[in-house]
Amino acid sequence: RMNWKQYHRLEDIHGFLDYLAKTYPALVSVKTIGKSHQGRELKLLRISDGKPTNKAVFIDGGIHAREWISPATVTYFINQFAENFDVESDDIKNIDWYFLPVVNPDGYEFTHVGDRLWRKNRRNSLSGRACSGVDLNRNFGYRWGGKGTSNNQCSEIYRGPRAFSEPESRAISDFFKNSAANFTAYLTYHSYGQYLLYPWGYDNVVPPDYKQLDALGKKMAAVIESTSGYKYTVGSSSNTLYPAAGGSDDWAKAQGVKYSYTVELSDTGRYGFVLPTTYIEPVAKGSLAALRVLAEQVNKE
Ligand code: 0X9
Ligand code: ZN
């Protein structure tokens, strides 16, 4: 069944989520929060012991189709917490965890059967238009349409016709709106470059509490390096990488989620998106160590 020695097809990932919900019904539940353009389910998995005092953390992966290490890492977290919840620390147990490992299932499947380097979703892929796909990480509704985005359908950073025009991004925003959970952290996993990025991404400005975001980011980077040897650069998205508006991290921060980060996983460019499977376990292990550091901070908030 599931393992972290290979990259898996969507069917296997979704089967794994359903298996956990069936095996640990008191702890794990799966909910379909929407459907993709092509009708694939957007499956969200929750891990919670149900204590009313718990904090809440939201984690997603696979916004960009070709970044395969992202769903692999997020499913590694899920496996660790679900299979070993009893022996986990109180910092982990005192959080309601929400995981959406594949935000862009159409794109993800397309990278397996069509174009390995596809990034966007698959809007219009059947409509006979010259170009298909919206960059879901330019489609979120905070400062939508600003720097680092394009109105050209053929662009890799096409923002879509309007904010939340895409069912995949809309599902996340609807879920946040309708959820009773009050999220303290939002983590979105991408690749590559080994960066821990906090808002803002839309322009070269930082939020008033950026020092706390920077300090926690540096603690997370330190533990990744000591666990796995990978060095991460910490900073705001726009200053460290480039300005790009309409990202999910900015939107989450604007919704009041204090610790909002985009994590750009390994590597730094040797293999890029086509990261060999031997990297999955060390990358995921380092990321899990960082997640424990984040959990500790979330419990202090
Ligand atoms: O450009 C992106 O969407 C992300 N990098 S990637 O190589 N995975 O495509 C960075 C997003 C950082 N956050 C914002 N700009 N809001
Ligand atoms: Zn990405």
Task: Selection from segment 37-63 of residues that are of a type outside the set (Val, Ile, Thr) and either under 16 Å from the mean Cα position of the chain (by Cα) or at pLDDT below 95 (or both) - done: 42, 43, 44, 45, 46, 56, 58, 60, 61, 62
TODO: Evaluate the following for residue 219: is it without any contact (Cβ under 8 Å) to a residue 12 or more places away in the chain and under 30 Å from residue 285 (Cβ atoms)?
DONE: no
Task: Residue in segment 200-240 that is nearest to ligand 1 (Cβ to nearest atom), counting only those that are in a helix (DSSP H, G or I) and hydrophobic (A, V, I, L, M, F, W, C) - done: 213
TODO: May I ask you to list pairs of residues, at least six apart or on different chains, whose Cβ atoms are under 9 Å apart, with the first in segment 83-96 being more than 18 Å from residue 56 (Cα to Cα) and the second being crowded, with 16+ Cβ neighbours inside 10 Å and of a type in the set (A, V, I, L, M, F, W, C)?
DONE: 83/20
Task: Inter-residue pairs, beta-carbon under 8 Å, first under 9 Å from residue 73 (Cβ atoms) and in segment 276-296, second of a type in the set (S, T, N, Q) and surrounded by fewer than 22 Cβ atoms within 10 Å (Cβ to Cβ), 6+ apart - done: 280/6; 283/228; 288/80
- [ ] Identify all residues within segment 256-283 that are surrounded by 18 or more Cβ atoms within 10 Å (Cβ to Cβ) and either charged (D, E, K, R) or on the phi > 0 side of the Ramachandran plot (or both); write none if there are none.
- [x] 258, 264, 267
TODO: Just give me the residues in segment 20-73 being open to solvent by less than 10 Å² (accessible area, probe 1.4 Å) and acidic (Asp, Glu), in sequence order.
DONE: 60, 67
Open item on the list: Condition first: of a type in the set (Ser, Thr, Tyr) and more than 16 Å from ligand 1 (Cβ to nearest atom). Now tell me which residues in segment 46-102 satisfy that.
Closed with: 48, 53, 75, 76, 89, 98
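Table: residues versus (1) more than 23 Å from residue 271 (Cα to Cα); (2) over 18 Å from the mean Cα position of the chain (by Cα).
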site	(1), (2)
65	no, no
69	no, no
73	no, no
80	yes, no
91	yes, yes
97	yes, no
108	no, no
116	no, yes
Open item on the list: Could you go through segment 246-254 and let me know if any residue there is more than 15 Å from ligand 2 (Cβ to nearest atom), at pLDDT 95 or above and more than 26 Å from residue 66 (Cα to Cα).
Closed with: yes
Task: Any hit, segment 114-136, residues being loosely packed, with under 15 Cβ neighbours inside 10 Å and within 15 Å of ligand 1 (Cβ to nearest atom) - done: yes
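The values are calculated or read from the model by the stated rules, or taken from the named source; none is laboratory data. For clarity, every value in this text was computed on a predicted model and none was experimentally measured. Heads up, the Cβs are rebuilt from the backbone with ideal geometry, glycines too, and the neighbour counts pull from every protein chain shown. What goes into the accessible areas is simple: the full protein's heavy atoms, side chains included, and nothing from ligands, DNA or RNA. Shrake-Rupley method; radii C 1.70, N 1.55, O 1.52, S 1.80 Å.
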